[in-house]
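Asker: The structure under discussion is supplied below as structure tokens; questions concerning it will follow.
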Amino acid sequence: MKKLSEFYPYIFCIIAIFFATLLWDSLKFSYDESNIIQGVSYNKKINPYDNILKVLFFIFFPLFIFFFTFLKKNNLYSINPFNKNFFLNSNINSYEKNNLIDYKNFKIKLLTIVLIFLCLIEFISLDFNNLLSPVDIYHDGQVLVPSFNYLTNKNFWLSIHFDFGFGGNLRPLLFWKIFGFETIGAARIFDQSLILFNKICLIFISLKTIELLKVKKNKELFFLILALSAIQLSDYFVSLHGSGGPPFPIRMSIFLLFFLFLIDNLVTKNLIKDTILGFFSAISIFWFTDIAIYINFILLSYCLTLIFLKNFKKIYQIFAGIVFSWLCFVFFLGFDQINEVLYQISSNLSFIYYFNFIEFPKPFSDHYSSSRALKSLILIIINGILLINLCLKKKINLNINSKIYLIILFITSMVIFKSALIRSDAYHLKYTSGFILLLFIIQILYILFYSKFVENILKKIDLNKIIISSLILIIISSCFVVVKNIKIKSINANLKLNFKKIILQTDMDYLNFKPGTFSYGRLYTKENFEDDKKFINFYKKITQEDKCVQNFTEYLSLSYFIKKPTCTKYYNPQFIQHNVTDKKFLKEFKKKMPDYILFTSPIVFIDKYGIKQQEDLIKGVPRVESFIEDNYTFYKSYLNQWSIYKKKSKI
């Protein structure tokens, strides 16, 4: 009976998961009937914050049940901070510097160098011809058009209303400057190089992990398995336009660098490193906006932890970095740019939940993304259960820094997963799962390596022998080459020809759609696969006198292919919303009204069930809709797919 009681927390947790599933449909907020922002939320009359409520309940209700039943066990650390057996008490979880293992020994250094070298070889041996695939008119337009606008207007937030964020929308600029060619190919090579950067960061995060967890036995093997597992979570060509991606997509690049500095800060006392960590507060604004918010939230959480641990010196140094970074930010950009940054963030947050909303798939349902969603939710719960065990069981006896590290990892995984609670489709569920999977791998490896069964097996192998270690290294390297299909011929071809070929590829070549291609809600057939080229050439011809392009559709790449900036900072008409940005848009638009505007196009988001998110983007923005009716008239429906309006003649 006593042995059975050990399983009670797990049994009750499983029951709680099924109970949470039964309550799923009843967990909801009332819908705001006054809302006119178009999208799935408007069509189905669903409060977009329902996703957050349902997911948080599904995760934390079972975890709370597990936690409180788990506390009834014996031989646990206390959760009472005033108890001498508190699980984060430095006296019982000391991090003895004198007992630290040398994690920079020859074997670890060699493994790190080999893994980085293999990642570099993998990168230059990739089949970069994949980057010659046709554009996604909408998603590629989100980086091509803002970058082109900047080159024309030489301004940042004052000339571009960012949807991703500064770096998210302008990331092609760096490689355009390096190569001297403003092409789609150069932009795509840069995106894939960010995946390489992610892999290298994950190798160093793995290295820092074995130091934080104080892995003593078979640390080389632990590091090797962890690092190889981690770098598989960031893969090439998953998303050529960067809006989706692997579990660690390109948008996570700056966050991974920040996270590396953060966990290094747990075990080092260095004024410069503390200050640099604080600098990420402002620097992150130059990347994706949501990532900047997450970085600042995690940084705040870390500082609160340091206050709790009474490490005030480190807090002062980090805070100094935060303050200094923001002072530099204001000094270099000026107050006008700062005000616009704050306006764009606040305005986007005021409508993005309604506009971008896709309902989170119900667990155990027949929804096409249900299995992926359920996997993420269950993994988070499992991570929570493992974390409770590792932090509270006395026989495990993790040091305080190890526990803080695992707690930060858990919080980070939840914060990043937040991005999947707005637009909860398969793509967003996948690219927010990186830290969930990483934490799961780390905890499982730690438990396995400290189990007697695995320990006995590794004792027999005796990995300390040079011959065995060398053999394992050779086998791992060989397997990496075979699995990744690394070929010397590909390396030579890339270095001699492919890079140049892709960089110099003409824009119109990226409109070579093939019959059967499905791109952002549009199926290309034998009848329409060349229509995009025809339309762009036609539109370029009729707008020769126009100095700018104003597009009211999801055909975002139009401005880039026409080689003209947009007439307003609202290059993406989805961010023209009633009582939020519509007045500012009209104020700008009245100053630069082109003779022709694009009002509808065949590029419309359609989900897996064939349902449109909305009929047209201006529906629900009455001021703009009325202004267009007063100043423009229907001109032509080109190929019965693109509706073009012409400015009315002055009487």
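Asker: Expressed in nm to one decimal, what extension gain is obtained for the pair Asn129 and Ile382 from 0.36 nm per residue of sequence separation less their Cα-Cα distance?
Answerer: Extending this stretch completely gives an extra 87.0 nm.
Asker: Can you give the extra length, in nm with one decimal, that the chain gains between Lys514 and Tyr368 once fully stretched, where that is 0.36 nm per residue apart less the Cα-Cα distance?
Answerer: 49.9 nm
Asker: By per-residue mean of other Cβ atoms within 10 Å, what is the highest-first order of 537-549, 439-451, 163-175?
Answerer: The densest-packed peptide leads the list: 163-175, 439-451, 537-549.
Asker: If the reach is capped at under 13 angstrom between alpha carbons, list the aspartates and glutamates near Lys569, excluding any in the same chain fewer than eight residues apart.
Answerer: Asp163, Glu340, Asp582, Glu588
Asker: Same structure, new question: Calculate the length of the line joining the C-alpha centroid of the range 220-273 to that of the range 275-348, in whole Å.
Answerer: Spelled out, the Cα-based centre of one part sits 20 Å from the other.
Asker: Also: Once both labels are modelled 7 Å past Cα along the beta-carbon direction, what's the Leu349-Ser34 spacing in nm?
Answerer: 2.1
Asker: Still on this structure: So, with a 1.4 angstrom probe, what is the percent of accessible area on the range 368-420 that is carbon and sulfur?
Answerer: 64
Asker: Would you mind working out the magnitude of the charge dipole of the chain relative to its Cα centre, with +1 at each Lys and Arg C-beta and -1 at each Asp and Glu C-beta, to the nearest 20 Debye?
Answerer: Dipole magnitude for the chain comes out near 1780 debye.
Asker: A follow-up question, please. Find the centroid of the Cα atoms in the range 413-451 and in the range 536-575, then give the distance between the two in whole Å.
Answerer: Result: 39 Å between the Cα centres.
Asker: Using a 1.4 Å probe on the protein chains only, how many percent of the accessible area of the range 192-232 belongs to carbon and sulfur?
Answerer: 65
Asker: For the chain, what is the accessible area per residue in Å², given a 1.4 Å probe and the full set of protein chains?
Answerer: So the chain comes to 46 Å² accessible per residue, rounded to a whole number.
Asker: Using 31 Å as the Cα-Cα cut-off, could you pick out the over-long pairs in Lys514/Lys564; Lys154/Lys583; Lys500/Lys592; Lys154/Lys313; Lys219/Lys394; Lys418/Lys592?
Answerer: Long pairs (Cα-Cα over 31 Å): Lys500/Lys592; Lys154/Lys313; Lys418/Lys592.
Asker: Another question, then. At what distance in nm do the modelled label points of Leu158 and Lys310 sit from each other, each positioned 7 Å from its Cα along Cα→Cβ?
Answerer: 5.1
Asker: Another question, then. What FRET efficiency comes out for Asn631 versus Lys533 if R0 is 30 angstrom and r is the Cβ-Cβ distance? Round to the nearest 0.05.
Answerer: Plugging the Cβ-Cβ distance into 1/(1 + (r/R0)^6) gives 0.50.
Asker: Quick check on my link table: of Lys587/Lys619; Lys501/Lys533; Lys199/Lys393; Lys501/Lys541, which ones sit more than 23 Å apart, alpha carbon to alpha carbon?
Answerer: Those over the limit are Lys199/Lys393; Lys501/Lys541.
Asker: To the nearest 500 deg cm²/dmol, what mean residue ellipticity at 222 nm is calculated for the chain from DSSP H runs of n ≥ 4 alone, each contributing -39,500 (n - 2.57), summed and divided by the residues?
Answerer: One gets -18000 deg cm²/dmol as the mean residue ellipticity at 222 nm.
Asker: Can you give the Rg to Rh ratio for the range 108-200, taking only C-alpha atoms and Rh from Kirkwood?
Answerer: Rounded to two decimals, Rg/Rh equals 1.07.
Asker: According to a simple spin-label model (label point 7 Å from Cα along Cα-to-Cβ), what is the distance in nm between Lys648 and Glu588?
Answerer: Placing both labels 7 Å beyond Cα along the Cβ direction yields 2.5 nm.
Asker: Hey, of (1) 27.0, 94; (2) 37.3, 148; (3) 26.3, 86, which did the structure itself give for Rg and Dmax of the Cα atoms in Å when calculated?
Answerer: Calculated Rg and Dmax of the Cα atoms in Å: the matching label is (1).
Asker: Sum up the charges of everything whose Cβ sits under 14 Å from the Cβ of Asn47, counting Lys and Arg as +1 and Asp and Glu as -1, but leave Asn47 out.
Answerer: Net of charged neighbours comes to -1.
The values are calculated or read from the model by the stated rules, or taken from the named source; none is laboratory data. Computed from a predicted structure; not experimentally measured. Cβ sites come from the backbone with ideal geometry, for glycine too, and all protein chains shown count toward neighbours. Please note that ligands, DNA and RNA were not included when accessible areas were found on the heavy atoms of the full protein model with its side chains. Shrake-Rupley method; radii C 1.70, N 1.55, O 1.52, S 1.80 Å.
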